[in-house]
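S.K.: Structure provided below as structure tokens; questions to follow.
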Amino acid sequence: MRRLRSTSDEGIAIAAEYVALLGISLLIFTAVFVGVSSFNNTASADARAQAAYSVAVRVSDRMSGAVESHASVVDEMALPERICGRSYLVYPSGDGRAVCVLVGREAYEAPLIVPGDINVEGFMVSAPGSHRIQYEASSKTLTLT
């Protein structure tokens, strides 16, 4: 007995072909979307790291300069209001050997070169206003405000 081909078999084959093409298209779209998102996130993180490190180096340099003067100093400085659209916090590391910049949940640091008997304290917030580095020679205290 010979089986005749019905139109429903053709319809099933065409529907399966469309479903397969839709799946392949969705897979390609997802791969491109993930690639572009990954590139954007990496570029943004790199820009944020570079800008934060630049702020940390600038503050560290000014702090070292204040201590090198061997006199009491108040040094006002201008800092950017935001790093890649985010506010940030500048503070000394726990051991006083680095200046840290916290942007979001990530901290970036630059070395701070000062003698070991200097007390480093305080912090700076990126909000607009005055940012000062104050060194008191008599107490050997370096303060960020």
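S.K.: How much net charge surrounds His70 when only the other residues with a Cβ under 15 Å from the Cβ of His70 are counted, with Lys and Arg +1 and Asp and Glu -1?
M.R.: Counting the neighbours of His70, the net charge comes to -3.
S.K.: Going by amide H atoms built from the backbone, whose H comes under 5 Å of the H on Ala98, apart from near neighbours?
M.R.: Ser93, Leu112
S.K.: Per residue, what volume in Å³ does the convex hull of the Cα atoms of the range 8-79 enclose?
M.R.: About 71 Å³ per residue, rounded to a whole number.
S.K.: For the chain, build the charge dipole from Cβ charges (+1 Lys, Arg; -1 Asp, Glu) around the Cα centre, then report which of Leu21, Gly11, Val57 sits farthest towards its positive end.
M.R.: Gly11
S.K.: Turning to a different aspect of this structure: Give me the mean projected area, in nm² to one decimal, of the convex hull enclosing the Cα positions of the range 5-144.
M.R.: The Cα convex hull of the range 5-144, projected and averaged over all directions, gives 11.6 nm².
S.K.: Once both axes come from the Cα atoms, what is the angle between helix 7-68 and the longest principal axis of the chain, in degrees from 0 to 90, rounded to 10?
M.R.: 10
S.K.: Let me ask something additional. Using a 1.4 Å probe, what is the accessible area per residue for the range 5-144, in Å²?
M.R.: About 62 Å² of surface per residue is accessible.
S.K.: With +1 assigned to the C-beta of every Lys and Arg and -1 to the C-beta of every Asp and Glu, and no other charges, what is the dipole magnitude of the range 5-144 about the Cα centre in debye, to the nearest 20?
M.R.: 140
S.K.: Determine, for each peptide in 69-75, 122-128, the mean count of other beta carbons within 10 angstrom over its residues, then list the peptides with the highest first.
M.R.: Result, highest mean Cβ count within 10 Å first: 122-128, 69-75.
S.K.: For the chain, which whole percent of the accessible surface, found with a 1.4 angstrom probe, sits on carbon and sulfur atoms?
M.R.: After summing per-atom areas, the C and S share lands at 60 percent.
The values are calculated or read from the model by the stated rules, or taken from the named source; none is laboratory data. What you see is a predicted model, and the numbers here were worked out from it, not measured in a lab. Backbone-built Cβ (ideal geometry, glycine too); neighbour counts: all protein chains shown. Surface accessibility is based on the protein's heavy atoms, side chains included, excluding ligands, DNA and RNA. Shrake-Rupley method; radii C 1.70, N 1.55, O 1.52, S 1.80 Å.
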